[in-house]
Amino acid sequence: MPRVICELPHASDEISGVKFHLLDDGRRISDEIDDEQAQRFASINGYLLDEEGEETPPPPPPPEPKAPKLTRAQQKAADKKAAEDKAAAEAAKKAEEEAAQKAADEEAARIAAAGQQTGNGDSTEPKDTTDNDGDKDANDNGNADNTNGGETEVF
């Protein structure tokens, strides 16, 4: 069965009930048609009989089905759920940040408490270097006054 090539620009995918497919060069080729239809098309300027046996490209894939349109109630419910999901995500993020801050604060307090207990000099309070267990003079061998038994002390 013959086919017809249409060389007219902007030709439709269907002409007079016959389907046409786009060729690589921009022309269109018909599905196989009977001889009478082929002769009728060939009599029109811009249509040729397919004498070379052009390969018909596969028909284009059908368009993907569109998502069904939602009713107002469905859209409202979907919007509400999206808002709830967003709020839940924000609340989870805030809780995570607060937990991290609390853990950091507790760790800082633990380190500060450990430094004060060991007396390793990490304390910010100045140490009293003059206190020797309440004695006025550490070198007096138990005498509370500043005398050393009349002896002169050499430093």
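Computed from the coordinates by the stated procedures, all read-outs in this text should not be read as laboratory data. Here the structure is a predicted model, which is why all the values come from computation and not from measurement.
Taking θ as phi - 60° and the Karplus parameters 6.51, -1.76 and 1.60, the scalar couplings of the stretch 8-18 work out to 6, x, 6, 6, 7, 6, 9, 10, 6, x, 10 Hz in sequence order, x denoting glycine and proline.
For the stretch 68-119, lysine pairs with C-alpha atoms less than 29 angstrom apart, excluding pairs fewer than eight positions apart on the same chain, total 14. Backbone phi angles across the stretch 96-112, fed through the Karplus curve with coefficients 6.51, -1.76 and 1.60 (θ = phi - 60°), yield HN-Hα couplings of 5, 5, 5, 5, 5, 5, 4, 4, 5, 5, 5, 5, 5, 5, 5, 5, 5 Hz in residue order; Gly and Pro are listed as x. Rounded to whole numbers, the Karplus 3J(HN,Hα) couplings from phi for the stretch 68-80 are x, 6, 7, 6, 4, 5, 5, 5, 4, 5, 5, 5, 5 Hz, using 6.51 cos²θ - 1.76 cosθ + 1.60 with θ = phi - 60°, and x at Gly and Pro. Residues whose amide H comes within less than 5 Å of that of Ile15, counting only those at least five positions distant or on another chain, are Phe20 (H built at 1.01 Å from N in the peptide plane). Distance distribution note for the stretch 4-49: the fraction of Cα pairs above 14 angstrom is 39%.
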